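Read the structure below first, then the notes.
The values are calculated or read from the model by the stated rules, or taken from the named source; none is laboratory data. Because the structure is predicted, anything quoted here is derived from the model rather than measured. Cβ atoms come from the backbone with ideal geometry, glycine included; neighbour counts cover every protein chain shown.
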Amino acid sequence: MIHNLPKNQKGLAIVEFAVVLPFLLLTLAIVGEIGYVMYQQNLLSKSVETGGRYVSVSSTSGSGFVDVSAQDIQNTRNMVVYGNIAGVGTPLIADLDPLEINVTCTYGTRNGHCIKNFNLTPITVQVNYTYNPVLGEVFDNVTGFNFFPLPMSAITIVETI
């Protein structure tokens with residue numbers, strides 16, 4: 001079938017492919033980056049939820065008071081960043097600073113104990129994270145817009161048990 005093309009049509013398909021290829025690659029990279037952003041946000045949310053579950057169990061004393069100690073806060077930060085309270089291993093999210101994780105009694109403290117409201121003692125775990133994408137500078141240079149870095153945050157409020 002190629003033999004029937006006029007002489008001036010030979011090689012046209014390769015030229016069309018060369019014109020379309022950059023757009024196809026850019027679209028593929030954008031789809032991949034968006035997928036990775038969604039994965040990172042989900043991982044951040046799940047990590048904060050895990051830290052919240054940990055602090056809700058560990059901060060309850062036998063006296064019925066809820067005390068969020070400095071050790072509880074450090075262990076919760078380790079749980080969010082590393083997935084364990086020892087703080088060892090590879091971080092679940094690259095460049096997540098443990099000091100960006102805030103663990104607080106939702107209604108504040110009184111005499112060193114979390115304040116109850118309607119017999120509930122919620123604890124808030126919140127993290128702010130700046131996502132730097134793999135192809136961030138490439139997107140900024142190609143599009144001319146400054147999309148990145150992308151701020152992310154996750155928050156969970158847990159009731160102590």
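Before moving on, here are some points about what is shown:
- Any hit, region 83-103, residues being touching a Pro at 6+ places or on another chain (Cβ under 7 Å) and either of a type in the set (Phe, Trp, Tyr) or surrounded by 11 or more Cβ atoms within 10 Å (Cβ to Cβ) (or both): no
- In region 55-67 there is no residue matching the filter, namely being at pLDDT 85 or above, closer than 21 Å to residue 151 by Cβ and surrounded by 15 or more Cβ atoms within 10 Å (Cβ to Cβ).
- Checked against (1) over 30 Å from residue 22 (Cβ atoms); (2) touching a helix residue (DSSP H, G or I) at 6+ places or on another chain (Cβ under 7 Å), residue 74 passes all but condition (2).
- Counting the residues of region 84-132 that are aromatic (Phe, Trp, Tyr) and in a loop (DSSP other than H, G, I, E, B) gives 2.
- Among the candidates 45, 59, residue that is within 26 Å of residue 121 (Cβ to Cβ), polar (S, T, N, Q) and in contact with a helix residue (DSSP H, G or I) (Cβ under 6 Å, 6 or more places away or on another chain): 59
- Of all residues in region 70-82 being surrounded by fewer than 19 Cβ atoms within 10 Å (Cβ to Cβ) and of a type in the set (S, T, N, Q), the one that is farthest from residue 98 (Cα to Cα): 71
- Considering region 115-134, the residues that are surrounded by fewer than 16 Cβ atoms within 10 Å (Cβ to Cβ) and not β-branched (Val, Ile, Thr) include one that is modelled with the highest pLDDT, namely 128.
- Residue pairs whose Cβ atoms lie under 8 Å apart, sitting 6 or more positions apart in sequence or on different chains, and linking a residue in region 122-140 that is of a type in the set (Gly, Ala, Ser) to a partner that is surrounded by 14 or more Cβ atoms within 10 Å (Cβ to Cβ), are 136/148.
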